[in-house]
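Right, one structure below, let's go through it.
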Amino acid sequence: VYKRQVNAFGEGSFESRPLPTADRLIIIAAPSACGKSTLLNKLRSGEGPKLADALALGDIASWRFVDSEFLVDMVGEHFPKLIVHYALPTVPLKYGLIPHIAEDPAMGMFFNADRISLVTLYTTPQSLVERVTSRKLSRKANRWPVFRTVCHALSQVDGLRSKSPLLRQTYRWEQLEELFSDPAEVKAIYGHWLEYVSRFDIDSHWLVRTDNEPVPQDLREWEHIIRDWN
């Protein structure tokens, strides 16, 4: 029996589940809409050679790519080379991080791999807002002002939202728009992540800006990067 947790967005997760093991593990982490999928596609297609070299990827076909939410379905499996893409928890500080990163089942991979490398993706808070808004407007129901108003109103009703994927997604997009529009909140999301991973013995940890070519940057540049996020 596993305990189910529900976060401020109504999304569930399970704790205390065993996970697969790996010889080499690369975790690519970023908030929603930051560009994880785009970067992964570039790596698969051979783009971003500087990042590939920094991570010593070698033959990209030898790596298994997995979304962190599916790790719990791979109990007992072992991977020589595993790349996990991980969405950082994006819950406003007024709610607290629910669940805290340390309580996320996927983070058990830090104990299940022999060698670990990290890639933390980032872009500016303004760019995050623009990307979330673009995703929201890409849905037909949100393109027209009248329908957008209706979707917004209906998405605020818990009972209706629980029954409609569109309303749940609309609610999440709007919450993320509000969250990302506050640079202090975005800094806090990254701050929790960077503080947590600093506890582990990591081979390498690179920063990559997702609205440029995927060039690895030293983690020591972080404070300089966020200095103008006001």
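The values are calculated or read from the model by the stated rules, or taken from the named source; none is laboratory data. Treat the numbers as computed from the prediction; the structure is a model and nothing was measured. Here the Cβ is made from the backbone with ideal geometry for all residues, glycine too, and neighbour counts use every protein chain on show. Side chains are part of the model used for accessible areas, which takes the heavy atoms of the whole protein and leaves out ligands, DNA and RNA. Shrake-Rupley method; radii C 1.70, N 1.55, O 1.52, S 1.80 Å.
Worth pointing out:
- The single residue among 158, 114 that is open to solvent by 70 Å² or more (accessible area, probe 1.4 Å), more than 15 Å from the chain's Cα centre (by Cα) and at pLDDT below 90 turns out to be 158.
- When residues of region 80-111 are limited to those that are in a strand (DSSP E or B) and open to solvent by 30 Å² or more (accessible area, probe 1.4 Å), the one modelled with the lowest pLDDT: 87
- Residue that is modelled with the highest pLDDT, among those in region 1-50 that are more than 20 Å from the chain's Cα centre (by Cα) and of a type in the set (Ser, Thr, Tyr): 21
- Scan region 186-211 for residues that are open to solvent by 30 Å² or more (accessible area, probe 1.4 Å) and in a helix (DSSP H, G or I) and the total you get is 5.
- Within region 163-185, residues that are farther than 30 Å from residue 223 by Cβ and open to solvent by 60 Å² or more (accessible area, probe 1.4 Å) reach partners that are at pLDDT below 90 and hydrophobic (A, V, I, L, M, F, W, C) with beta carbons closer than 9 Å, at six or more positions or on different chains, in the pairs 168/9.
- Residue match in region 120-135 (condition: farther than 20 Å from residue 177 by Cβ, surrounded by 17 or more Cβ atoms within 10 Å (Cβ to Cβ) and modelled with pLDDT of 90 or more): yes
- Of the residues examined, residue 230 is not one that is without any contact (Cβ under 8 Å) to a residue 12 or more places away in the chain and assigned to a loop (DSSP other than H, G, I, E, B).
- Single unsatisfied condition, residue 67 versus (1) under 21 Å from residue 219 (Cβ atoms); (2) open to solvent by 40 Å² or more (accessible area, probe 1.4 Å): (1)
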